[in-house]
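Step one of this worksheet: look at the structure below.
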Amino acid sequence: MPERRPKIIGFCCEKHGLDCVTLAARSERQYDASVRLIRVPCTGRVDGMHILQALEDGADVVFVLGCLEKNCYYDTGSIEGRKRVEYVKGMLAETGIEPERVEMFNASSSMAWKFHDIVSSMKDVAERLGPIRPKGGGSE
Amino acid sequence: MIVAERKPLDEIAKMIAPYEKVAVIGCRSCVAICLAGGEKEVNMLVSAMRLKNRKDGRKQSLDGFVLERQCEKEWVKEVEEKILDSDIVLSMSCSLGTQTIGDMYPHKIIVPGLNTAIFGVPEEQGVWSEKCLGCGDCIIDTTGGICPIARCAKSMLNGPCGGSSDGHCEVNTDIECAWYAIHERLKLQNRLELMEYVRPPKNWSTSHSGGRRIIVKEDAKLTPHQKRGREVLE
Amino acid sequence: MKRKIQVVICRVCSQGVPVLDVDKLAKAASEAPYVCSVVTVDYACQSKTISSIVEDAKTKGADRVLVVPCSKNDVSPSLFQAYVRRGKINEFLIETVDLTNEVILPHREDPARAQEKAETRLAAAVARLAALEPLEKHEEPMRTKNLVVVGAGVAGLEAAQVAAGHGLHTILIEKTDRPLKAPGVLLSKSRLVRTKGHGGNFELVIQAGEKQETLECAAIVVASGGDWSEGKGPLTKACKDAMPLFRLKDSVDNGTLPSGPVVIVDTPDPKGSTMKAQDFAWDDALDLAMSTKKASPERDVTLIFQEMRVSGLSELTYREAAQLGIRFIRYDKKNPPTIDKKDLKRLTVRDLAQDEVVSLRFGTLSYASVPANPDNIEIADALRIPIALDGGIRRGSMQRGPVTTPRPGIFVCGSAMFPKTESVARAEGKAAGVLATQFVAPGTVEYGGAVAKVTPEKCSACLTCVRTCPYEAPFIGAAGKAEIREQLCQGCGMCAGICPSKAIEIHNYTDEQLSIETEAYLRGGF
């Protein structure tokens with residue numbers, strides 16, 4: 001059986017978030033291929049529901065990437081996004097699931113290094129925690 | 001409006017743990033508006049519970065529905081099948097909706113997903129403050145439109161008490177002293193003489209102290225003659 | 001709806017430095033549901049190829065297209081135009097997948113996983129595309145070509161000058177009645193009262209002298225400037241002859257500067273509860289320190305600040321200033337500069353860099369701070385634009401719109417945001433003038449498309465969307481349900497994300513479409 005790879009889903013805003021991803025690609029540095037991006041116009045569009053559903057559908061970790069809070073294209077969108085992420089983190093903690101599985105990040109279009117950091121930190125979390133399953137083993 | 005808050009998820013999980021089929025029912029009325037039990041919250045709760053079940057290795061099916069108003073039988077009827085089909089109903093409405101379903105289907109187990117808290121006013125997005133206790137005999141005509149029953153920790157009729165300092169309440173200094181607010185309001189309205197008016201002891205029988213209250217509006221109530229079908233026979 | 005998808009893979013580009021197996025990719029795509037045709041071409045941007053692939057879409061009866069080009073910005077716009085005009089395909093049903101930046105470049109060293117990721121990416125894009133709806137955009141003609149400039153300072157005049165040069169009718173609103181040479185109309189002793197409408201067709205009410213006038217305009221530039229009055233704070237209280245920068249400049253220019261060292265602090269109120277952009281030491285503080293030092297090199301000049309912000313190439317002057325012998329002292333709020341009670345010409349501060357307490361005698365004390373213009377509040381209220389916590393007009397994202405406000409059609413420049421030097425203010429004025437011209441030039445406002453939509457039956461009129469939207473697009477209509485002013489909606493989807501009744505959806509980013517994409521990803525390999 002091949003080694004299990006982490007499943008990382010990222011909700012990425014189409015403005016600074018995507019700029020940051022493109023810049024990361026153009027920087028010629030490699031990052032882990034386990035990350036899949038879902039585009040949203042703004043992180044304010046992300047509903048806690050989308051994050052929970054991604055976890056339900058089998059993602060190990062989910063991150064949301066938006067503009068810097070004081071530099072958001074849609075003025076207050078990334079603040080909204082952060083609040084949703086925090087709420088979901090609270091819900092996960094209450095259900096006994098590690099809240100680190102969900103994280104909010106902010107970047108501006110000039111932060112080329114940021115996306116590599118995001119992917120590697122989320123990958124670390126995913127590898128440490130593995131898929132959501134009963135304690136003491138069992139399959140997915 | 002009625003303001004409620006979601007119960008902690010582990011408390012909810014404990015209530016529904018022994019059952020296999022759970023119907024989660026929300027409400028589009030007050031609890032949707034106070035962001036506690038609308039469609040969004042119902043979906044998120046169902047999703048979080050499924051994740052928890054996966055984590056805990058528990059088999060349980062959860063389905064979410066949202067009603068227009070859970071406190072009205074006609075709306076509840078719309079999901080009757082789902083209710084009857086489930087092992088337990090988790091009601092994400094205020095206690096009124098929970099009890100409506102409970103009274104309609106007495107053999108069904110129904111548990112509350114929310115703590116019904118206050119009659120509150122949205123002060124700003126996400127902040128609700130209590131402004132009425134439902135005493136059944138409103139006196140705010142003499143208090144500048146500010147209710148001391150709900151807004152004073154001691155429900156004083158003739159305040160303020162000695163604990164009022166700098167406009168804050170001694171019970172919780174984050175909260176404004178209701179009687180300070182009344183004084184300021186009356187001053188603004190040039191009606192300060194009302195501060196000297198002594199309000200006689202209140203007749204609390206119109207409040208919950210008088211026992212469970214039932215409000216009847218005779219002109220709205222249907223006569224037996226107007227009622228059709230089952231209700232007449234009952 | 002038929003939901004037939006044509007997938008166009010640009011071979012040269014998707015292959016990149018040979019990382020992906022394009023044939024395998026095309027085969028995987030052709031097996032995806034709803035895909036009716038997969039075309040691999042060598043150059044998707046060549047005009048000959050364009051007509052053949054559009055023809056292919058027509059014959060196969062495709063109603064939606066997925067283009068896999070080199071990168072989104074590299075696709076020739078004529079390809080999209082050809083699809084819309086000749087292929088009769090709705091512009092919202094043409095999507096692109098940027099494999100170059102998402103897969104090829106960052107995973108070049110692992111071709112096997114790159115291939116797998118590219119296939120999943122494509123599958124998810126196809127699934128999403130199949131769930132999209134065709135949308136329409138609408139146009140509304142602009143009734144005027146007027147540009148209103150609020151404030152006739154350096155930035156405002158420059159903006160008006162530039163816009164007038166491009167044929168806009170400029171109307172300058174100026175608070176004072178100082179004589180000015182300005183293009184277009186100058187309304188002296190006037191101020192904004194309120195605005196109605198949206199970018200392209202604003203309706204302003206202006207108080208001009210004694211009478212109120214209504215005025216239609218297509219765009220607005222806010223150039224209200226800073227508050228060039230004297231600052232107040234503990235330092236000015238203790239040292240009565242402390243002067244703002246512009247008076248220091250006057251005395252340096254006239255040669256009336258008293259003898260003794262010169263100290264320039266950032267703000268007269270160093271303990272102020274919030275750090276304001278207006279309180280940063282800025283270009284002029286540095287420039288003035290330099291010119292003072294140059295005028296009399298033997299004089300000690302010290303610059304004391306918490307934050308320093310200079311723009312553009314002015315950063316190069318730091319070194320020059322250090323070489324000239326200007327002393328820089330950075331402090332923090334815990335140990336702010338204070339004036340000795342007994343010796344009113346002595347200032348004490350803890351230097352963060354050296355971690356030592358410095359005590360300075362000065363002959364002249366000046367401060368850099370230029371408070372935010374108090375009129376900003378009135379202007380922001382009238383225009384319904386946000387104001388920053390420090391009282392300046394808030395601009396949009398720094399990279400994507402340094403002189404725009406969040407409200408389309410309203411631009412901001414100069415010290416209205418925070419203090420600027422004359423040259424920066426002029427440059428920003430020019431930028432705002434050009435952007436306003438660009439905005440007005442088409443003569444129409446486009447709206448609609450991927451914007452928010454309300455399902456009235458689900459709406460509880462809870463006002464959550466109304467309070468959340470930064471653009472004031474949702475309102476509760478006559479039917480007692482939320483409605484969206486499409487002209488104002490920017491399509492960010494904050495309302496859709498927060499609606500407790502799930503009554504709002506954002507076109508092309510609906511909950512369903514997003515979850516279809518998520519599922520498609522998680523079904524695929526990782």
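The values are calculated or read from the model by the stated rules, or taken from the named source; none is laboratory data. Note that this is a predicted model, so its numbers are computed, not measured. Every residue, glycine as well, gets a Cβ built from its backbone with ideal geometry; the counts of neighbours run over all protein chains shown.
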*Identify, by number, the condition in (1) assigned to a strand (DSSP E or B); (2) within 26 Å of C:G396 (Cα to Cα) that A:V62 doesn't meet.*
(2)
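Inside segment B:192-219, can you point out the residues that are in a loop (DSSP other than H, G, I, E, B) and closer than 30 Å to B:Y180 by Cα?
Of everything in segment B:192-219, those that are in a loop (DSSP other than H, G, I, E, B) and closer than 30 Å to B:Y180 by Cα turn out to be B:E196, B:Y197, B:V198, B:R199, B:P200, B:P201, B:K202, B:N203, B:S207.
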_Given the condition over 27 Å from A:D32 (Cβ atoms), outside any strand (DSSP E or B) and within 11 Å of another protein chain (Cβ to nearest Cβ), answer yes or no: does some residue in segment A:96-119 qualify?_
yes
_When residues of segment C:195-252 are limited to those that are of a type in the set (A, V, I, L, M) and part of a loop (DSSP other than H, G, I, E, B), the one farthest from C:L157 (Cα to Cα)_ = C:A242
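Looking at A:D47, A:D57, which one is over 14 Å from the mean Cα position of the chain (by Cα) and at the interface with chain C (Cβ under 7 Å from one of its Cβ atoms)?
Result of the check over A:D47, A:D57: A:D57.
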*asked:* Suppose the filter is within 13 Å of chain A (Cβ to nearest Cβ), among the charged types (D, E, K, R), assigned to a helix (DSSP H, G or I) and in contact with a helix residue (DSSP H, G or I) (Cβ under 8 Å, 6 or more places away or on another chain); does B:K40 pass it?
replied: yes
*When segment C:462-488 is examined, which residues are found to be without any contact (Cβ under 8 Å) to a residue 60 or more places away in the chain, in a loop (DSSP other than H, G, I, E, B) and more than 11 Å from chain A (Cβ to nearest Cβ)?*
C:C462, C:L463, C:A473, C:G477, C:A478, C:A479, C:G480, C:K481
*Residue tally, condition assigned to a helix (DSSP H, G or I), without any contact (Cβ under 8 Å) to a residue 40 or more places away in the chain and either small (G, A, S) or not assigned by TED's automatic domain parsing to the domain that holds C:G255 (or both), over segment C:293-313*: 0
*Can you tell me which residue within segment C:224-282, out of those that are aromatic (F, W, Y) and surrounded by fewer than 20 Cβ atoms within 10 Å (Cβ to Cβ), is nearest to the chain's Cα centre (by Cα)?*
C:W228
*Return the total of residues in segment B:128-138 being surrounded by fewer than 16 Cβ atoms within 10 Å (Cβ to Cβ) and not in a strand (DSSP E or B).*
5
*Mind checking which residues of segment B:34-61 are among the hydrophobic types (A, V, I, L, M, F, W, C), on the phi < 0 side of the Ramachandran plot and touching a residue at least 40 places away in the same chain (Cβ under 8 Å)?*
B:C34, B:A36, B:V42, B:L45, B:M49
*asked:* Exactly one of these conditions fails for B:S164: (1) modelled with pLDDT of 95 or more; (2) touching a Cys at 6+ places or on another chain (Cβ under 9 Å). Give me its number.
replied: (1)
*Positions within segment C:438-461 being surrounded by fewer than 16 Cβ atoms within 10 Å (Cβ to Cβ), more than 13 Å from every other protein chain (Cβ to nearest Cβ), of a type outside the set (D, E, K, R) and within 22 Å of C:P134 (Cβ to Cβ), in sequence order*: C:T444
*asked:* Just checking: which of the helices (runs of 4 or more DSSP H) contained wholly in segment B:64-127 hold 1 or more residues that are at pLDDT 95 or above, under 22 Å from C:K502 (Cα atoms) and in contact with a Lys or Arg (Cβ under 8 Å, 6 or more places away or on another chain)?
replied: B:95-104
_Matching option when the condition is surrounded by 14 or more Cβ atoms within 10 Å (Cβ to Cβ), in contact with a helix residue (DSSP H, G or I) (Cβ under 7 Å, 6 or more places away or on another chain), touching a residue at least 24 places away in the same chain (Cβ under 8 Å) and outside the structural domain of B:L96 (by TED's automatic domain parsing), among B:R199, B:R151, B:R185_ = B:R151
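The rows are residues; the columns are (1) within 14 Å of chain A (Cβ to nearest Cβ); (2) among the β-branched types (V, I, T); (3) free of Cβ contacts under 8 Å to residues at least 24 places away in the same chain.
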| residue | (1), (2), (3) |
| --- | --- |
| C:I50 | no, yes, no |
| C:R64 | no, no, no |
| C:S76 | no, no, no |
| C:V103 | yes, yes, no |
| C:T120 | yes, yes, no |
*Looking at segment C:492-512, which of its residues are facing chain A (nearest Cβ under 10 Å), over 15 Å from C:V451 (Cβ atoms) and in contact with a helix residue (DSSP H, G or I) (Cβ under 6 Å, 6 or more places away or on another chain)?*
C:I498, C:K502
